[in-house]
Amino acid sequence: MRILSGIQPSGRPHLGNYFGALRQYIALQTGNEPFYFIASYHALTAVHDPELLREYTLGVALDFLALGLDPNESALFAQQDVPEVTELTWILSCVTPMGLLERAVSYKDKVAQGLTPNHGLFAYPVLQAADILIYLSELVPVGQDQKQHLEMTRDIAGKFNQQFGEVFVIPEPYILDSTAVVPGIDGRKMSKSYGNEIGIFDEGKDLKRKIMSIVTDSTPVEAPKDPSGSTPFLLLSLLASPGETAEWEARYKAGGMGYGDVKKRLLELIDDYFAPHRERRRELERDTDYVTDVLKEGGLRARTVAREVMHRVREATGLPTTY
Ligand code: ADP
Ligand code: TRP
């Protein structure tokens, strides 16, 4: 099955990105045809510092590889290495109703958070539709917040196919219920834009400080507690075995357990789980030529597919190349 997903190079990845998306990317690599990319054109809607964009782009490639993405199984590439995707964005724009974009929640959210509303930010879902459709992707692993973008992609693909013939595959989102919305330090959805994230590659004092500052209620130690809405418990359950998770659930309900205990265990679990990946990332940082080669190779693989599909799109829309 053709799998595709992308992540914006707009900061360091966090546990929400990992459990909501990245872990599924890695799990889906084997036996499928995965395309994973760094959504640099999307990041340009908000990041206007070229040095920073370059640094973040390389950073995401390092993250992917350190977390277990295998370049022999998956094509890993940077969005700008397939410029055909911007051409498709224009063509799709011409079948995208304004009303569809005006309903986009993520645009409204970003403007509410103070981002300058440029046209790129408004047209963002059309570029995302082009990313998905240009590779005839069938399955798109993402977190819950991308559900609307996937619905828009399906709508846009349907409109194009209806007007110009069946060129595009209608993709399915792949969203796991258990990790659809990972909470951050303040209990809201973990997100770079809320500044409430725990980074995948955070360690030492910095990591400890973040875990200890996770917001909890003021139930006294001896009183029974409700695990269901408790951030330390929800994060712990992502990492601990089912048996251990059940034990903590029982300890919450029995009372006599302080939130400090569960946070301490959470810290250990994070350290154990991510230690090998941190080490791998440090190794890769010393060999950025390898990382650049991986991106180059992935870009060529992706571009071959994109060119072929664009040829069909151009023929279907009455825009054949004239030379
Ligand atoms: P952020 O909100 O921090 O900017 P991104 O928009 O870059 O994160 O998200 C990249 C991927 O990670 C997307 O597939 C998104 O759905 C997923 N994701 C981000 N935050 C969370 C979260 N808190 N819980 C689950 N998935 C998440
Ligand atoms: N909008 C996605 C995010 O913020 C990133 C993205 C861009 C994407 N193009 C995509 C995700 C295509 C899946 C498929 O996380």
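The values are calculated or read from the model by the stated rules, or taken from the named source; none is laboratory data. The model shown is predicted, which means the values in this text are computed figures rather than measured ones. Ideal geometry is used to build each Cβ from the backbone, glycine not excepted, and the neighbour counts take in all protein chains shown. Keep in mind that these areas ignore ligands, DNA and RNA; they rest on the heavy atoms of the full protein, side chains included. Shrake-Rupley method; radii C 1.70, N 1.55, O 1.52, S 1.80 Å.
Which one of these is in contact (Cβ under 8 Å) with a residue 40 or more places away in the chain and either touching an Asp or Glu at 6+ places or on another chain (Cβ under 6 Å) or farther than 30 Å from I200 by Cα (or both): R281, R312? Before the answer, list the steps.
Numbers: R281 fails: either touching an Asp or Glu at 6+ places or on another chain (Cβ under 6 Å) or farther than 30 Å from I200 by Cα (or both).
It is R312.
Yes or no, residue by residue, for (1) closer than 25 Å to L295 by Cβ; (2) outside any helix (DSSP H, G or I); (3) open to solvent by less than 30 Å² (accessible area, probe 1.4 Å):
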{"position": "T86", "(1), (2), (3)": "yes, no, no"}
{"position": "V95", "(1), (2), (3)": "no, yes, yes"}
{"position": "K108", "(1), (2), (3)": "no, no, no"}
{"position": "P117", "(1), (2), (3)": "no, yes, no"}
{"position": "F122", "(1), (2), (3)": "no, no, no"}
{"position": "L136", "(1), (2), (3)": "yes, yes, no"}
{"position": "E151", "(1), (2), (3)": "no, no, no"}
{"position": "D155", "(1), (2), (3)": "no, no, no"}
{"position": "K159", "(1), (2), (3)": "no, no, no"}
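Here is a yes/no grid of residues against (1) open to solvent by 10 Å² or more (accessible area, probe 1.4 Å); (2) in contact with a helix residue (DSSP H, G or I) (Cβ under 7 Å, 6 or more places away or on another chain); (3) in a helix (DSSP H, G or I):
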site	(1), (2), (3)
F19	no, yes, yes
R23	yes, no, yes
F35	yes, yes, no
H48	yes, no, no
L58	yes, yes, yes
F64	no, no, yes
Q80	yes, yes, yes
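Each row is one residue, and each column tells you yes or no for (1) assigned by TED's automatic domain parsing to the domain that holds V305; (2) farther than 24 Å from P83 by Cβ; (3) more than 13 Å from ligand 1 (Cβ to nearest atom).
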| site | (1), (2), (3) |
| --- | --- |
| L115 | yes, yes, no |
| G120 | yes, no, yes |
| Y124 | yes, no, no |
| Q128 | yes, no, no |
| D131 | yes, no, no |
| L136 | yes, no, yes |
| Q144 | yes, yes, no |
| H149 | yes, no, no |
| M152 | yes, no, yes |
Exactly one condition in (1) part of a loop (DSSP other than H, G, I, E, B); (2) in contact with a helix residue (DSSP H, G or I) (Cβ under 6 Å, 6 or more places away or on another chain); (3) more than 16 Å from ligand 1 (Cβ to nearest atom) is not met by N72; state its number.
-> (2)
